[in-house]
Amino acid sequence: MSTSGRGLIHWWVSNPIAANLLMFMVLVGGLTSLPDLDKEMFPKIPRDVVQVEVPYPGAGPREVEEQICIRIEEQVHDLDGIEELRSFAYQGMGRIEIEVADGHDTQKLLNDVKSRVDAINTLPVDSERPRIKEVLARTQILSLALAGPMAEDDLKRLAESIRDEVIGLPGVTLAEIGGTRPEEVAVEISEETLRRYQLTFEDVVAAIRRSSVNLPAGEVREQAGDIVLQTRGQAYQREDFERIVVLRDTDGTQVLLGDIARINDGFAEQDLVSMFNGKPAVFINLFNTRNPDVVASSEAVRAYVAEKLPSLQPGVELVVWRDLSVYLGSRIDLLSKNALGGLLLVFGLLVLFLRPALAFWVAAGIGICYVGTLWLMPYLGISVNIVSLFAFLLILGIVVDDAIVVGESIYSHHERGLNGNDSASLGALAVSKPVTFAVLTTIIVFVPMLLLPGDSSKLMAEMPKVAIIALTFSLLESFLILPAHLRHMKPEKEATWLFAKWLQKARNGASRWMKQFADYQFRPVLESCLRHSGTTMALFLAVLIVILGVFFTGWLRVAFFPVVEGEYLRASAELQEGVSFDRSLAVMRQIEEGVEGLKQEPLLIGDDGRSVIENHYAESRENIVSVVLELSSNETRSVSSKAVAELWQKHIGAVENVEDYRVEYTLMGRPKEINLLLKGKQIDELRLASVEIESLLLEYPGVFNVSSSFRTASKEIEISLKDNADTLGIGLSDIAGQLRNAFYGVEAQRIPREREDVKVMVRYPEAERARISSLDELRIRTDDGRELPFNAVADIAFVPGYTEIKRRDRKRMVEIEGELVSGAASADEIVAVFMRDHWPELVQKFPGLTLEIDGAQKDQKAFEIGFVQMMALALLAIYTLLAVEFRSYWQPIIVLSAVPFGIAGAIIGHILFGKEISMPSMMGVLATAGVVVNDNLVLIDRINQLKKEGWHAMDAVVQGARDRFRPIVLTSLTTFFGLTPILFERSAQAQFLIPMVISLAFGVLLATFVTLLLVPSIYLTGERIRAQFSAGQQPIARSD
């Protein structure tokens, strides 16, 4: 280390007050930051998406696509900063999602999109104003399920009052009501009534707008003061609308709206039913958009629920549902126990081989690093969540490594007879260079984790942030605080207390065993390996090839997302578009009956007589059915979520006549392995091509459950004008407008109620809109007052219709997915063979279509490419750093030789635990690359020191390995055992991160053998080769 570095360490050792004050400042800073830390289940992932929504009431998907989506796409597609353009055309709604490219300012793109969309003047007259916004991440606290035998309007009114009350609770900034339909006032007039009174829908709408109005009329300015003029005639309730005058005769006779129309003050005609535990339900979803503390917010909401329940009528329940704080709180407790367990294991190992005082201060360094990290987390936007909490546990054994090396070095100098400032300064100084570079190399491999692509990588980004902060504090603590505390160590005396005597005896025994093992077992093995260094390197290489061969030959399954069982099970069914809603309700009832059967299963009844099923929620929305089960936590039940899902499927039985049906039990969903995107312009070509691709994929071994987003088309009636219609003064727009008025309705006005604008719609009665024969009775009215039969001026034809059209980058698209059985070829291999053997023929058959990988498969490919690039850059950075410091091109290669064996150790760990290689596993491998080189650094630095002192290469290697045997073994064991508690964690969220821990723990364990046996062999071989090129220079021999 430089002179300034030596002086810095010596100054802090000589000024223990400064060291204590620094430690005190870190502790105070960390403790005072605790109240400012956000607490949430998972970190918020920035969406970087600008969304444009345009309601187009009554329009079908094709019209929405043509009139809304395409026009907006053409207007914005050339803006800078767009990564991808996605459009969705639904019944009555168009949505465009603009994904922002990495590094581009989302707010600037949002403003640019607003300017472009506002400039469009060709959107349909009947469409509503575009809604443009940035899609923001927000933290959901929980949901309140309000369920009971009440009418829908009463249930919604009660939910609205509860919403208004909870919005003022601590930590609740937003409350939304879900599971209910929007309110609507429907004025229904039959065709027969219109003809009898010689009215049109426009006449009725005009009467409503003329009478139902609140309008300010200015003010009268008198000397005594101003008086406001105001007309107030707005109709709010059904009775108000019934009194509106539609017709008035000269004799004073009036025809009121209530005389000719049925006025229904209720809900919009949407197919939606929500149930909770078998009762009609409405949900109040609670969010926090700033400084979330889900634990405190949940406590406040639960206290409110307990106070509110007695005031509810019998049979009505208010249940806390999807409370994330329960899981966050339990995870905090579990992780605290695991961290404490890991800390005790680490401390126990240190006490066995080091003095208790030394073990205490080394272990105390972990706490200082943790508290220092908590101090900076609020300023760096890091919250307390599952990922950051696991990061603390992950780095438990890593941050202690440098303290162990520094403390062991000080202890070794103390054993040689040095005391006080001398042992502390010289001991810390002796290992200052390898420890500093070890920390820097570890930080280097954590940095690329921040740059990996994909939302899953962003979800894990807080882990490397926490690790980097903790490693920085670890380095400061090891050189500025720890030596100042160890300077007070006195020569060890004989213990007088019984426990102290026992501990001293055990420690002396462990220390003697360590020394004897190093001298009489390890040293002979090492000398043998060095004498046969070629054979040693060949054996290690052979082991590496075999282990990597196990991976590359497909013995170990690879999946982008690990299978993580969740605590919520979901059964979903998608029926054919346009199917009767009664059929959707029948499917929902069938799945709910399966829930009731499931509750009777003896396997799911706990010792307390309660079922593991706590609540269940069912919803049927048009042709989509969803039923969700809430299970007790994974830690409190013996049966797995997968087993519950299989039993549920058995009780549900066969679900017939559905497009898609599945029961999911994983935490984050299990995407299918094969994900393809078919794009083109003609929807019929897309349909035919997708069907053919599906059948071809099913021919490959191991491929099953292939499906596409293209659903069976529903029926649609297409209207066209008869040839003679023009002679009658009728245009297609006249027919379309009057049809729309009759069947969809005319929006007369919107009236404000509470926090909702209620539409007033004028149209046919529901019975007339429910039968096609009403078209024969419809009369098309001309400007001169004539009424012509619909079938006299228009023809109808039944054509396929779709309830959704998806577009990607200005082309229509169909998503094709497929699953693979275990042991089958990879998705990339299957897709590559398909593109080679079948796609050229399909392109000739369907020119203009394109096929590309998409979804999880695309994300996996991008992640793999990014991972390889980032790992290569990290290794290159480490090599450069070490080459400059060692002033050698060769020695950094020796240091990095542990990296491939760290990867091999990760593979062994996954085999032992029966885990598949996944994205977290690969991130663990990246972290392992930085950790496994640390011991090599310490070893090679010591060998270089001995060589500078004149030792022969062979003796220097042997003695260097002997000198560093204890710190190398201790750092490896503390890292491994510090991670051990998490390996056996059963919580659902832990399963997603356990593969990363397996990679790190077993990578470090195997790399230890590489450090102690292979690295010395490589080093000595390099020295022998170098000596051959330096003939005549005889190294100075030195005995032990």
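Throughout, read-outs are computed from the coordinates displayed, never taken from laboratory work. Small disclaimer: the values here were computed from a predicted structure and weren't measured. Backbone-built Cβ (ideal geometry, glycine too); neighbour counts: all protein chains shown.
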- Rounded to the nearest 10 degrees, what's the angle between the helix 641-652 long axis and the longest principal axis of the chain, both from Cα atoms, 0 to 90? 30
- Each residue of region 92-97 in order: what ³J(HN,Hα) in whole Hz does its phi give by Karplus 6.51 cos²θ - 1.76 cosθ + 1.60, θ = phi - 60°, with x for Gly and Pro? x, 7, x, 10, 10, 10
- Message: Please enumerate, by chain and number, the lysines with C-alpha under 16 Å from the C-alpha of K114, excluding those fewer than 8 residues away in the same chain.
- Response: K133
- Message: Run through region 653-703 and list the GluC sites (Glu not before Pro) located in a DSSP loop whose Cβ has at most 11 other Cβ atoms within 10 Å.
- Response: E656, E699
- GluC sites (Glu not before Pro) within region 194-278: which are DSSP loop residues with at most 10 other Cβ atoms inside 10 Å? none
- Short version: ³J(HN,Hα) in whole Hz for each residue of region 901-918, in order, from phi by Karplus 6.51 cos²θ - 1.76 cosθ + 1.60 (θ = phi - 60°), x for Gly and Pro, what are they? 6, x, 5, 4, x, 4, 5, 4, x, 5, 5, 5, 8, x, 9, 8, 6, 9
- Message: Given points 7 Å out from each Cα along the Cα-Cβ axis, report the E656 to E165 separation in nanometres with one decimal.
- Response: 4.8
- Message: Quick check for me: using +1 on Lys/Arg Cβ and -1 on Asp/Glu Cβ, what's the dipole size of the chain about its Cα centre, in debye to the nearest 20?
- Response: 5660
- Task: Counting other beta carbons within 10 Å of each Cβ, put E97, E574 in order, fewest first.
- Result: E97, E574
- Item | For the chain, share of DSSP beta bridges that run antiparallel, in % to the nearest 5 | 95
- Message: Between region 566-637 and region 801-872, what is the separation of their alpha carbon centroids in Å?
- Response: 33
- Note on the structure: Taking R0 as 30 Å and r as the Cβ-Cβ distance between L881 and K948, the FRET efficiency 1/(1 + (r/R0)^6), rounded to the nearest 0.05, comes to 0.90
- Could you compute the FRET efficiency for F798 and D726, with r as their C-beta to C-beta distance and R0 at 25 Å, rounded to 0.05? 0.50
- In degrees from 0 to 90, rounded to the nearest 10, what is the angle of the helix 16-33 Cα long axis to the longest principal axis of the chain? 20
- Set K458/K915; K108/K861; K44/K681; K44/K308, cut-off 26 Å on Cα-Cα distance; pairs above it are K108/K861; K44/K681; K44/K308
- Extended-chain gain in nm, criterion 0.36 nm per residue less alpha-carbon gap, L215 and E192: 4.8 nm
- Plugging the Cβ-Cβ distance of W11 and L34 into 1/(1 + (r/R0)^6) at R0 = 25 Å yields, to the nearest 0.05, a FRET efficiency of 0.20
- Task: Calculate one ³J(HN,Hα) per residue across region 1012-1028 by plugging θ = phi - 60° into the Karplus curve 6.51 cos²θ - 1.76 cosθ + 1.60, and present them in order as whole Hz with x for glycine and proline.
- Result: 7, 10, 6, 4, x, 5, 5, 4, 5, 4, x, 5, 5, 5, 5, 5, 5
- Taking placed amide H atoms and a strict 5 Å upper bound, the residues 5 or more places from S897 or on another chain that come that close are none
- Query: What's the exposure ranking of T231, T250, T975, T1008, going from fewest to most Cβ atoms within 10 Å?
  - Reply: T250, T231, T1008, T975
- Filtered hits (aspartates and glutamates, Cα-Cα < 17 Å from K948, offset >= 8 within chain) -> E885, D963, E1023, D1040
- Query: What longest region of the chain stays clear of chymotrypsin sites (Phe, Trp or Tyr not before Pro) that DSSP places outside H, G, I, E and B and that have at most 13 other Cβ atoms within 10 Å?
  - Reply: 1-496
